[in-house]
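A short worksheet on the structure shown next.
The values are calculated or read from the model by the stated rules, or taken from the named source; none is laboratory data. All figures in this text were calculated on a predicted structure; none of them were measured in a lab. Note that each Cβ is placed from the backbone with ideal geometry, even for glycine, and that neighbours are counted across all protein chains shown. When the accessible area is computed, the model is the full protein with side chains, heavy atoms only, and any ligands, DNA or RNA have been set aside. Shrake-Rupley method; radii C 1.70, N 1.55, O 1.52, S 1.80 Å.
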Amino acid sequence: MMVEDAICSFCGCLCDDINVEVEENNVKRVRHACRLGSSKIMGHERIRSPMVRKDGELKEVSYQQAYERAAEILLAASKPLLYGWASTVCEAQKKGILLAEEVGGVLDSTATVCHGPSVIGIEEKGLPGATLGQVKNRADTIVFWGCNPAEAHPRHSLRYSSNACGRFTPEGRSAKRIIVVDVRETRTSKNADKQVIIQPGTDYEVISALRMLVAGKGDVVPDEVGGVAKKELASLAQMLLAAKFGAVFFGLGITHSRGRYKNIDNALSLVADLNSHTKFVIMPMRGHYNVGGIGQVLAWSSGYPMSVDFTRQAPYFNPGETAACDLLAKADTDAALIIAADPASNFPRKIVEELAKMPIIQIDPYENPTTLLADVVIPSAIAGVEAEGTAYRMDGLALRMRKLVNSSYPSDEEILDGILECVRSLRSAMRMQGGA
Ligand code: SF4
C-alpha cells in the first residue's frame, strides 16, 4: 500500500508531500523525504517494554504498573518538572497540561533551550510573519541569519525558500537573492549570493548598523561593525531595500549568542523598519516538528507559551525562574517527567547532575542517554507514524498527521491519560485514608 502526501514528523518544515510504501504493516520505503525524515519514518531499535527501576536496575513491568509508579513519583514530589513536548502531538501536550495542573508542577518545553529567546522577543515586539506558502510564492530576497537549513532543515530551500518555484517566482533560484549572515561558512552559505561573516556575539551591533543604514543615517555607523566593513554593510542594506518581498529566517546562532532575546527584538525592529520601504517578513527556524505546537497549546490553555508554573493554583510564567534549567540549577524541583526529549544529552553537565539526583519518568519510543537516569521508562508509539495528531509548522500553520502503520505501543496521549487516571485514584485513596 502506498500512503500518499503523508507528513514528515521530524523538523519544523512538516513536509506534507511524503509517499510511504507500507507492506504487512511495516514501512518499506519512504519517498521525497530527506535523510533525516526518512530515518525517522523508517524507524530503528525501540524500547520493548515499560520498565521500573528496582534495586538499581530497570525491570520490565506492565503499562499499568508503570503508570502507577509514575503517579506515585509525581504525587510524592512537591514541585515536579514536566519537560520536553516538542516531538509529540498537540493532543498529548493538552493532556500534559492537565497532568501538570493536577500534580502542581512546572511544564516546560525544549523551546527553553532553543527558540525561548525568540518567543520572548516576539512577545515584546510582535511578529511581522507570513506562511511558508507566501514566502515560496512571493519572496525574491531571502536572508538566513544564524541558521543552516542545508543541514538542519534539508528540504526548506527546495519547498519554501531559496530554490522553490512559486506562483510569482516561477524562475526559482535564478530570480532570487540569497543572503547568509553567520559566524562561519556553512553548507547554506555555499548557495548564497552574499555571505556576511560576523564576529561571534556581535549580531546586535550588526543589526543596529543595518537599521541605521536602512534609515539613511549611515553617517553614524563606524567603519567596521562586528568585523564587517561599513561598505559591505551598506551593500547588504541596499540589497534588503531593493527587495520586492523579503524574508528573514533566523536560528540558534542569533538566539543563543550575546544579547539573546534582545537580538531578536532588534531583528524584529529591522524588519519593521524595512516595511517602511518594501515588504519584509521574519520567521524563526523551529527545529523539532511540533515545538511550535506546545507554545500554542500552552498559550491558549494558560496564557503563556513556555516555562509555566502550575504550583500556585494559577499559571505563573517567569523565564529565568520557571524555566527547566533554572529550576534544576537552584534544586527547586524534586521529580521530572520527560517526554519526547533527551535533556541528558542537551542540558549543561551541572544541570544533568542535578537531574540525575531525582526520580525521573521517561516517555519515549527510543532509548537515549536520559533512559540511563530514568526510574520509570514508558515506551510510546511514534507520533506522526504510528499515532495521528495535530502539529504546528514553523510558520504557525496547524497540520493534521495521519497514522501510517498500526502499533502495539500506546500513544503519548493514552500514556498520559493512564498516568492521570492513576494520579486521581491514588489521590482519592489518600484522601479517604486521611479521612478515616
Ligand atoms: S525537511 Fe524536515 S520535515 Fe521535510 S523531510 Fe526533511 S526532516 Fe522531514
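Consider the range 100-133 and keep the residues that are of a type outside the set (Val, Ile, Thr), touching a Gly at 6+ places or on another chain (Cβ under 9 Å) and assigned to a helix (DSSP H, G or I). The one that is modelled with the highest pLDDT is Gly133. Put simply, of Glu24, Glu4 the only residue that is outside the structural domain of Gly396 (by TED's automatic domain parsing), more than 9 Å from the ligand (Cβ to nearest atom) and either more than 28 Å from the chain's Cα centre (by Cα) or surrounded by 12 or more Cβ atoms within 10 Å (Cβ to Cβ) (or both) is Glu24. Taken together, the residues in the range 227-251 that are open to solvent by less than 40 Å² (accessible area, probe 1.4 Å) and without any contact (Cβ under 8 Å) to a residue 24 or more places away in the chain amount to 1.
For (1) open to solvent by 10 Å² or more (accessible area, probe 1.4 Å); (2) outside the structural domain of Leu270 (by TED's automatic domain parsing), each residue gets a yes or a no:
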site	(1), (2)
Gln64	yes, yes
Lys79	yes, yes
Thr88	no, yes
Leu98	yes, yes
Lys125	yes, no
Ala139	no, no
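Residues that are assigned to a loop (DSSP other than H, G, I, E, B) and within 16 Å of the ligand (Cβ to nearest atom) were ranked within the range 155-181; the one that is surrounded by the most Cβ atoms within 10 Å (Cβ to Cβ) is Tyr160. Of all residues in the range 28-42, none satisfies the criterion of being away from the ligand (no atom under 14 Å from the Cβ) and surrounded by 16 or more Cβ atoms within 10 Å (Cβ to Cβ).
Could you please find all residues in the range 357-385 being open to solvent by 30 Å² or more (accessible area, probe 1.4 Å) and either over 28 Å from Thr333 (Cβ atoms) or hydroxyl-bearing (Ser, Thr, Tyr) (or both)? Passing the criteria: only Tyr366.
Determine the pairs where a residue that is part of a strand (DSSP E or B), located within the range 384-406, has a partner that is open to solvent by 40 Å² or more (accessible area, probe 1.4 Å) and among the polar types (S, T, N, Q) with Cβ atoms under 6 Å apart, the partner being 6 or more residues away or on another chain. Filtered contacts from the range 384-406: Tyr392/Gln296. Tell me which residues, restricted to the range 43-66, are outside any helix (DSSP H, G or I) and either within 11 Å of the ligand (Cβ to nearest atom) or free of Cβ contacts under 8 Å to residues at least 24 places away in the same chain (or both). If the condition is that a residue be outside any helix (DSSP H, G or I) and either within 11 Å of the ligand (Cβ to nearest atom) or free of Cβ contacts under 8 Å to residues at least 24 places away in the same chain (or both), then Lys54, Asp55, Gly56, Glu57, Lys59, Glu60, Val61, Ser62 are the ones that fit.
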